[in-house]
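Peer 1: One structure, as structure tokens, below. Some questions next.
The values are calculated or read from the model by the stated rules, or taken from the named source; none is laboratory data. In this text, all values refer to a predicted model and were calculated from it rather than measured experimentally. Don't worry about glycine lacking a Cβ; one is built from the backbone with ideal geometry, like all the others, and counts go over all protein chains shown. In case anyone asks, the SASA skips ligands and DNA or RNA and just uses the protein heavy atoms, side chains included. Shrake-Rupley method; radii C 1.70, N 1.55, O 1.52, S 1.80 Å.
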Amino acid sequence: MADQVIRFENVGLTFRGGGKSVPALDDVSFGVEDNEFTSIVGPSGCGKTTLLRLCAGLVFPTTGTASCHGRPVTKLNTEVGFVTQESNLFPWMTLYQNVEFPLRVRDVPARERHERVMRQIEMVGLDGFEKHYPHQLSGGMQKRASIIRTMVYEPDVVLMDEPFGPLDAQTKMLLQRDLLRVWDVRKQTILFVTHDLVEAVALSDNVVVMSARPGRIKGVFPISVERPRDVFQIHTAPGFAEDYDRIWSCFRSEVDPSAESPERASAGS
Ligand SMILES: Nc1ncnc2c1ncn2[C@@H]1O[C@H](COP(=O)(O)OP(=O)(O)OP(=O)(O)O)[C@@H](O)[C@H]1O
Ligand SMILES: [Mg+2]
């Protein structure tokens, strides 16, 4: 636990407002170690985004503690990079200006800014589009731009909320490959939210499965597939099928009410 960069300890969170209360998270405990890639999967509304927001200091627990680098998060956490579920690009800025913005805020000198922005833009194949505004970029290009806009200031801890969610299968795989390439070199600590179990297995060291709302932890599954991984061939990688099946058996009853739990099935036989 000492090496855990992110730690949720018995976290409960009930949103209150307008005379209503919505229990979003219930007794959530898990951690992410230094340089580890952890994914969270769970049904819609189970509190995945809320967990990332707790880590970023955008919301605070009703009970329990969310910590980053061993310190409880009690205010906006500027130590983490956050690729949000919605596009975080400024529509009035060009691609170049968008990627440069976090470096300007941090007073990085002009020449270094230019080098770092161009390195990121080239790494994801967006060179030639520097002067384009977000609405002039495709959905996949916008996603790439949002990711490098966070990566450009090299945060050690990165939160990613379904960054490839609405993309077609091919673009998604290309971006997954790019992300793994960046991570293989930089080795940040990444907490990644996805609905896609294949993506979770392909990218992660550990996959956390959550229950339907109020979100609880149903299981944490270490991934055995060796690195470096080829996301295009992930289905045939040794260990993939077993890892996927274990996670799916845990996840299935949350999204498919007709699925029999293994306990019920064995009790009845
Ligand atoms: N600021 C808020 N005020 C009130 N309720 C909220 C707030 N933020 C989230 N919720 C509620 O908390 C629950 C969890 O929301 P959250 O966005 O974390 O889910 P999610 O797992 O990310 O869902 P999805 O997969 O659809 O993105 C939902 O029921 C949501 O309506
Ligand atoms: Mg969400």
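Peer 1: Between 0 and 90 degrees, rounded to the nearest ten: what's the tilt of helix 139-151 against the longest Cα principal axis of the chain?
Peer 2: That helix lies at roughly 80 degrees to the long axis.
Peer 1: V193: net charge of surrounding residues, Cβ under 12 Å, Lys/Arg +1, Asp/Glu -1, itself excluded?
Peer 2: Summing Lys/Arg as +1 and Asp/Glu as -1 gives -2.
Peer 1: Hey, another quick one. Calculate the dipole size of the chain relative to its Cα centre from +1 charges on Lys and Arg beta carbons and -1 charges on Asp and Glu beta carbons; express the result in debye to the nearest 20.
Peer 2: It comes to approximately 800 debye.
Peer 1: OK, next. Around E100, what is the net charge, scoring Lys/Arg as +1 and Asp/Glu as -1 over all other residues with Cβ under 13 Å from its Cβ?
Peer 2: For residues surrounding E100, the net value is +4.
Peer 1: Counting only Cα atoms, I'd like the Rg/Rh figure for the chain, Kirkwood definition for Rh.
Peer 2: With Rg and the Kirkwood Rh in hand, the quotient comes to 0.98.
Peer 1: Just report the Cα centroid separation between the stretch 138-176 and the stretch 1-55, whole Å.
Peer 2: 21
Peer 1: Quick check: from the Cα gyration tensor, does the stretch 1-106 come out rounded (a/c under 1.5), prolate or oblate?
Peer 2: oblate
Peer 1: Continuing with this model, one more query. Quick check: at a probe of 1.4 Å, how many percent of the accessible area of the chain sits on carbon and sulfur atoms?
Peer 2: For the chain, the apolar C and S fraction of the accessible surface comes to 52 percent.
Peer 1: Can you give the relative contact order of the chain as a percent, counting alpha carbon pairs under 8 Å and 6+ residues apart?
Peer 2: Relative contact order, the chain: 24 percent.
Peer 1: May I ask what percent, to the nearest 5, of DSSP beta bridges between residues of the chain are antiparallel?
Peer 2: In the chain, DSSP labels about 55 percent of beta bridges as antiparallel.
Peer 1: Hey, another quick one. How big is the charge dipole of the stretch 80-155 about its Cα centre, in debye rounded to the nearest 20, if each Lys and Arg gets +1 on its Cβ and each Asp and Glu gets -1 on its Cβ? Write out the running numbers ahead of the final one.
Peer 2: On the way: 10 positive and 9 negative charges, 10 e Å.
Once rounded to the nearest 20, the dipole reads 40 debye.
Peer 1: Accessible area per residue, 1.4 Å probe, Å², for the chain: what's the number?
Peer 2: Accessible area per residue, the chain: 49 Å².
Peer 1: Let me ask you something else. State which stretch of the chain is the longest one without any exposed GluC sites (Glu not before Pro), exposure meaning a DSSP loop state and at most 14 other Cβ atoms within 10 Å.
Peer 2: Maximal segment without exposed cleavage sites: 87-225.
Peer 1: Let a ≥ b ≥ c be the square roots of the eigenvalues of the Cα gyration tensor of the stretch 124-171; is it rounded (a/c under 1.5), or, if not, prolate (a/b larger than b/c) or oblate? Show your work: numbers first, answer last.
Peer 2: Values: a/c = 2.16, a/b = 1.18, b/c = 1.82.
Oblate is the answer for the stretch 124-171, as a/c is 1.5 or above yet b/c matches or exceeds a/b.
Peer 1: Right, next: For the Cα atoms of the chain, what angle does the longest principal axis make with the long axis of helix 110-123, in degrees from 0 to 90, nearest 10?
Peer 2: 50
Peer 1: Angle, helix 95-105 long axis vs. longest principal axis of the chain, Cα atoms, 0 to 90°, nearest 10?
Peer 2: Roughly 90 degrees, rounded to the nearest 10.
Peer 1: Right, next: Please list, by residue number, every one of the trypsin sites (Lys or Arg not before Pro) in the stretch 115-193 that is coil in DSSP and has at most 12 other beta-carbon atoms within 10 Å.
Peer 2: K131
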